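Some notes on the structure that comes next.
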Amino acid sequence: CPFLTLPNNLIGRIFSDLLIKDRLRARVNKRLAYVEKSSNYKVESLLISNEGDFFDIEYVPHSDDNYFRFMRNSDASRFLRRISRNTLIGHLDIK
């Protein structure tokens with residue numbers, strides 16, 4: 001695969017243009033997982049809300065692709081821990 005011949009810093013820059021969902025899905029081998037984990041990313045705004053039995057997370061720009069719904073708080077917590085390791089969040093809103 002030609003993509004894997006690129007240097008890690010260039011792959012990290014490409015990852016920075018991906019949506020969070022796609023970036024996390026792109027960790028298909030140890031090297032790409034390492035690059036994703038060691039690169040830094042920025043999210044303009046993150047909204048966290050708890051509605052009934054669901055835990056919702058949405059980030060800017062708002063769209064269906066930037067929306068996560070979790071049935072369990074533990075899944076949402078695991079997701080937030082994962083992205084907070086290397087993602088700068090400009091504005092955080094918790095409802």
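Any residue at all in the stretch 35-47 that is free of Cβ contacts under 8 Å to residues at least 24 places away in the same chain and not aromatic (Phe, Trp, Tyr)? No, every residue in the stretch 35-47 fails to be free of Cβ contacts under 8 Å to residues at least 24 places away in the same chain and not aromatic (Phe, Trp, Tyr).
Residue by residue through the stretch 7-25, note down the ones that are of a type outside the set (Gly, Ala, Ser) and either in contact (Cβ under 8 Å) with a residue 40 or more places away in the chain or open to solvent by less than 50 Å² (accessible area, probe 1.4 Å) (or both). Break it down into steps so the answer makes sense when it comes.
Start the filter on the stretch 7-25 by keeping residues that are of a type outside the set (Gly, Ala, Ser), which leaves 7-11, 13-15, 17-25.
Answer for the stretch 7-25, where residues must be of a type outside the set (Gly, Ala, Ser) and either in contact (Cβ under 8 Å) with a residue 40 or more places away in the chain or open to solvent by less than 50 Å² (accessible area, probe 1.4 Å) (or both): ILE11, PHE15, LEU19, ILE20, LYS21, ARG23, LEU24.
In summary, LEU47 fulfils each of the numbered conditions (1) part of a helix (DSSP H, G or I); (2) farther than 28 Å from CYS1 by Cβ; (3) touching a Phe, Trp or Tyr at 6+ places or on another chain (Cβ under 8 Å) with the single exception of condition (1). Whether any residue in the stretch 69-86 is touching a residue at least 12 places away in the same chain (Cβ under 8 Å), within 23 Å of GLY12 (Cα to Cα) and part of a strand (DSSP E or B) is what I want to check. No; the residues of the stretch 69-86 include none that is touching a residue at least 12 places away in the same chain (Cβ under 8 Å), within 23 Å of GLY12 (Cα to Cα) and part of a strand (DSSP E or B).
Do we find a residue being over 13 Å from the mean Cα position of the chain (by Cα), surrounded by 12 or more Cβ atoms within 10 Å (Cβ to Cβ) and not in a helix (DSSP H, G or I) anywhere in the stretch 26-33?
No, that holds for no residue.
The values are calculated or read from the model by the stated rules, or taken from the named source; none is laboratory data. This is a predicted model, so every value here is computed, not measured. Positions of Cβ are backbone-derived with ideal geometry, glycine not excepted, and every protein chain shown enters the neighbour counts. Ligands, DNA and RNA are stripped out before the accessible areas are found, and what is left, the full protein with its side chains, is counted by its heavy atoms. Shrake-Rupley method; radii C 1.70, N 1.55, O 1.52, S 1.80 Å.
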